[in-house]
Amino acid sequence: MRVFLIGWCGSLPETVEVVSILKNKSHEIKYWILSNDSAIDKSKFPEIVFHNFFDAMNNRPAEGVDDSEFPPLDKNFIKRFYEAESIILTMMNKRYEWMGIEERKHYYYRLLQYWYGVIERFKPEVIVFSSIPHASYEYVIYFLARELKIKTVLFEPFWINDRMLIMNDYKIGSERLFREVERVRGKQFALADVSADLTEYYLMQINKSADATPGYLKDIKKTYSGVNWIRVKSKAFWGSIRRGIFFERVVNFLFKKFWRNLKKEYLNVQSKPDFGRKYVYFPLHYQPECATSPLGDIFVDQLLAAEVLSASLPDDWLLYIKEHPAQWLIRGINYFSYRYEGYYKKMSKLKNTKIVPMEMDTYALINNAAAVATITGTAGWEAVLRGKPALVFGYAWYKHAPGVFKIDGVKSGREALQKIAAGFALSEQEIINYLKALDQGSFRGYFHYRKKILNKVSKEENTVNLLNTLLQEFENIG
């Protein structure tokens, strides 16, 4: 089978070993986009076209690929990809915020031109992504593959220890998990029937005195605190000097410090929640990130989601919104594309809507809520485990879990909240059954060093699990 590999870490021995075994099993790896390509002995893979991640991100061709041979695409072909174009133009906020709309569009046309040319030249039968495609070039490849009827395989880590799902279409989700959900429906599984790692995770989530903060968030907070924070700022300082923008940065700092910034705007509109009222809790996502683009679809615009929720509320209910704890840590407090001036103010003026202080405990807000709303976030999953219904706008991995209501507008929002107000309740049995399905429908592994740090699976087990999962998927495709 002719294979493209997208986003596989080049310095992780397990992924290289998997590629070697696939080659020995007569699969043709034609193209490999990877970080740290210098860590690989490319002489062992002379048949593979290697493409450095940063070159791909910056729309530079792979070594040995002459993109001048790929002609510009015609109007009718480009029109087939209007959905992808809309998502990618927003996705480009992550690295190309400085680009105007016309420059972004031309950049996108060039991406489409290059990757269509590559696909036509090497004719892959399956394209394997190490995660949900959420970089501009990745999404172009993914959408081209779907349009050209080329099979896609996507891995999705979902931050329960080292668990991962495999799927072919992120909008559909993991069919393997869905089959397990159907298989356990109506059964009477006990927690003892669920693997130890998932059982431990569940018990931690329902223990109100335990620290249930996700590992990735703890890692982010560690990176942006103490000595690590000084390292990050020092790197940014010397980087600004090298790029000749130090004084511009100083001016921006003074402006945001003494004039207008995100934090000041937030503090001006925040108010303490009243746990005696019925409310929906809507914790915002960190942006830009995969969880809202592409997984949120049009609800990458979280203000739109807030407007839908506000318009859906029963008259005597409130909507509590809280910013993501990592948003200002990573992005800073400058206004930018996803948090523009007036963003929090507009939310605070929505009917029956309040912005709650950042220091409010998210689990107290979940535990006291009538429902939790999210685009695709962990908070929705944590709510379900605590017996709370979740209103989900995007393509969350847990979309088939009990207590999840899919929201696509005011009509579905009102219908969901009417059911919840009428006494909708989740049973512990439904949750345990879903954990059993998740146990059987997922596997343990990782593709990147950062996830390796957060996980416990051994190098050997990771290699075997990645390989066997992929081979089974190839067999199903074939």
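Test of understanding: what is the full-extension gain from K149 to L267, defined as 0.36 nm times their sequence separation minus their Cα-Cα distance? Walk me through the numbers before you get to the answer.
Working: separation 118, 0.36 × 118 = 42.48 nm, distance 4.98 nm.
Extra length available between K149 and L267 comes to 37.5 nm.
Roughly how many debye, to the nearest 20, is the charge dipole of the range 24-180 about its Cα centre, given +1 on each Lys and Arg Cβ, -1 on each Asp and Glu Cβ, and no other charges?
Values: 22 positive and 24 negative charges, 73 e Å.
For the range 24-180, the charge dipole is close to 360 debye.
If you take the square roots of the eigenvalues of the alpha-carbon gyration tensor of the range 286-398 and sort them as a ≥ b ≥ c, do you get rounded (a/c under 1.5), prolate (a/b over b/c) or oblate?
Note, shape of the range 286-398 comes out rounded.
If you average 1/r across every pair of different Cα atoms in the range 1-94 and take the reciprocal, what Kirkwood value do you get, in Å?
By the Kirkwood definition, the hydrodynamic radius is 15.3 Å.
Would you please give the residues with an amide H less than 5 Å from that of L319, counting only those at least 5 places away or on a separate chain, with H modeled from the backbone geometry?
V280, T353, K354
Counting only chymotrypsin sites (Phe, Trp or Tyr not before Pro) that are in a DSSP loop and have at most 13 other C-beta atoms within 10 Å, tell me the longest site-free stretch of the chain.
Values: sites that count: W98, W259, F275, Y340.
Excluding the exposed sites themselves, the longest stretch runs over 99-258.
222 nm [θ] for the chain, helices only, -39500 (n - 2.57) per DSSP H run of 4+, per residue, to 500? Don't jump to the answer; show the numbers that get you there.
Working: 21 runs with 221 residues, N = 478.
After summing the helix terms and dividing by residue count, I get -14000 deg cm²/dmol.
Please give the Cα centre distance for the range 320-399 versus the range 38-100, rounded to the nearest Å.
33 Å
Would you tally the net charge around E69, using a Cβ to Cβ cut-off of less than 12 Å, leaving E69 out, and scoring K and R as +1, D and E as -1?
On the way: positive: R121; negative: D66, D67, E120.
Summing Lys and Arg as +1 and Asp and Glu as -1 gives -2.
Counting Lys and Arg as +1 and Asp and Glu as -1, what is the net charge of the other residues whose Cβ lies under 9 Å from the Cβ of L438? Walk me through the intermediate numbers first.
Details: positive: R163, K436; negative: E180, D439.
It works out to a net charge of 0.
If I compute solvent accessible area with a 1.4 Å probe over the protein chains, what percent of it on the range 257-322 is carbon and sulfur? Spell out each step's value before the answer.
Values: 1470 of 2730 Å².
C and S atoms contribute 54 percent here.
What does DSSP give for the chain in terms of the percent of beta bridges that are antiparallel, rounded to the nearest 5?
On the way: 7 of 41 bridges.
Of those bridges, close to 15 percent are antiparallel.
What distance in nm lies between label points placed 7 Å from Cα along the C-beta direction at D211 and D55?
The modelled label-to-label distance comes out at 4.3 nm.
Cβ under 12 Å from A305's Cβ, A305 left aside: what net charge do those residues give with Lys, Arg +1 and Asp, Glu -1?
Values: positive: none; negative: D297, D301, E307, D408.
Taking every Cβ under 12 Å from that of A305, the sum is -4.
Can you give me the % of accessible surface on the range 77-125 that is carbon or sulfur? Probe 1.4 Å, all protein chains present, nothing else counted. Don't skip to the end; give the middle numbers.
On the way: 1250 of 2420 Å².
Carbon with sulfur: 52 percent of the solvent-accessible area.
Looking only at Cα atoms, what is the convex hull volume of the chain per residue, in Å³? Mind dumping the intermediate values first?
On the way: hull volume 79.6 nm³, N = 478.
Each residue corresponds to 167 Å³ of Cα convex hull volume.
Compute from the Cα atoms of the range 42-173 the Rg and the Dmax, the latter being the longest Cα-Cα distance, and quote both in angstrom.
15.4, 46
Let me spell out the model: positive unit charges on the Cβ of Lys and Arg, negative unit charges on the Cβ of Asp and Glu, origin at the Cα centre of the chain. What dipole size does that give, in debye rounded to 20?
Details: 67 positive and 55 negative charges, 298 e Å.
With only Lys, Arg, Asp and Glu charged at Cβ, the dipole is about 1440 debye.
The values are calculated or read from the model by the stated rules, or taken from the named source; none is laboratory data. Bear in mind the structure is a predicted one, so any value in this text is a computation, not a measurement. With ideal geometry, Cβ positions are generated from the backbone for all residues, glycine too; neighbour counts draw on all protein chains shown. Areas reflect the complete protein model, heavy atoms only, side chains present, ligands, DNA and RNA absent. Shrake-Rupley method; radii C 1.70, N 1.55, O 1.52, S 1.80 Å.
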